[in-house]
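Shown next, in structure tokens, is the structure this report addresses.
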Amino acid sequence: MISLISLIIGGWDYVSGFSHGGTYLEKYLMSLVYGTASLMAIFFPIIACIPYALSYRDETDSGFYYLYILKTGHRRYQIAKIISVFLSGFLAVFAACFTWYMFIIFVIGTGDAQYPIIYGLFFAEDLYKSNPFLYGMIYTFNAGLQSGVFAVVGLGVSAVVKNRYVAVLIPFAYCIFSASVLELYNQAFNAITLFAIGQYFGGALGYWGIPLYDGILILIGINLYLIGDFYAHKS
């Protein structure tokens, strides 16, 4: 619900601005990529980490952690936790973006006049023109993917940092830091642009930028989780 509200607030100005023109895909991409630039694209790490990534901290503090270990075993618990956190984070944003996409298609619709978007702002021009619905779903899937990635990062942080509020804010702070500081060194390091894949493909890493960046973040999150879990329960 928080994700959907963020999309509506952040993207409504672009959707309403194209109310008499533009295709449904143009409206969706403009609202997703630009309308959420000040809202969803920044706050999705927090949405991903509350409450999914902090479920480990809740289980540890409440004692349920040890009950799960007795039932499933330590290694199986760790694998299940990583997968469940990723999927939960993915669905938190994917479901909202998909709902928003369907709303634009079936309620807002395509206007009478056409205001073509400059393809250079996005990617895969041929797919954009040949299969607009699938093109929009790629952005929708990517939004959920980034949320799942940062949920795993949040899981790792929550295993190392015992303060639950700090654990939530660290992935968010990294996004802000990467956008304000790391981008000055190299645009490809801006984590916020992972949410808007068309913009990110212009970076130095090219088309492999997103999977490479996501892979690094997931490895960091998993390693932090395993290290934090080991030291917290090694006795």
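Scan VAL166, VAL157, VAL153, VAL149 and give me the residue that is free of Cβ contacts under 8 Å to residues at least 12 places away in the same chain and in a helix (DSSP H, G or I). Explain how you work it out, then say what you get.
Working: VAL157 fails: free of Cβ contacts under 8 Å to residues at least 12 places away in the same chain; VAL153 fails: free of Cβ contacts under 8 Å to residues at least 12 places away in the same chain; VAL149 fails: free of Cβ contacts under 8 Å to residues at least 12 places away in the same chain.
Unique residue meeting the criteria: VAL166.
At least 1 residues being touching a Gly at 6+ places or on another chain (Cβ under 7 Å) is the threshold, and among the helices (runs of 4 or more DSSP H) wholly inside region 27-105 those reaching it are 40-48, 74-103. For region 49-91, the set of residues classified as within 16 Å of VAL153 (Cα to Cα), of a type outside the set (Val, Ile, Thr) and either touching a His at 6+ places or on another chain (Cβ under 8 Å) or modelled with pLDDT under 85 (or both) consists of CYS49, PRO51, TYR52, ALA53, LEU54, SER55, TYR56, ARG57, listed by residue number.
Restricting attention to region 185-213 and to residues that are at pLDDT below 75, small (Gly, Ala, Ser) and assigned to a helix (DSSP H, G or I), the residue that is surrounded by the most Cβ atoms within 10 Å (Cβ to Cβ) turns out to be GLY198. Here VAL149 clears all of (1) over 17 Å from LEU29 (Cβ atoms); (2) modelled with pLDDT under 85 except the condition numbered (2). Among the residues of region 10-26, those identified as modelled with pLDDT under 80 and in a helix (DSSP H, G or I) are GLY10, GLY11, TRP12, ASP13, TYR14, VAL15, SER16, GLY17.
Name every residue in region 92-131 that is farther than 27 Å from CYS49 by Cβ, at pLDDT 65 or above and surrounded by 13 or more Cβ atoms within 10 Å (Cβ to Cβ), in order of residue number. Correct list: ILE104, ILE105, ILE108, THR110, GLY111, PHE123, ALA124, LEU127, TYR128, ASN131.
More than 16 Å from VAL33 (Cβ to Cβ) and either out of contact with any Phe, Trp or Tyr (no Cβ under 6 Å at 6 or more places or on another chain) or buried (at least 19 other Cβ atoms within 10 Å of the Cβ) (or both): does that describe ASN142? First the steps, then the outcome.
Numbers: more than 16 Å from VAL33 (Cβ to Cβ): no; either out of contact with any Phe, Trp or Tyr (no Cβ under 6 Å at 6 or more places or on another chain) or buried (at least 19 other Cβ atoms within 10 Å of the Cβ) (or both): yes.
No.
The values are calculated or read from the model by the stated rules, or taken from the named source; none is laboratory data. Keep in mind that what you see is a predicted model, and the values were worked out from it rather than measured. Using ideal geometry, Cβ is built from the backbone for each residue, glycine included, and neighbour counts are taken over all protein chains shown.
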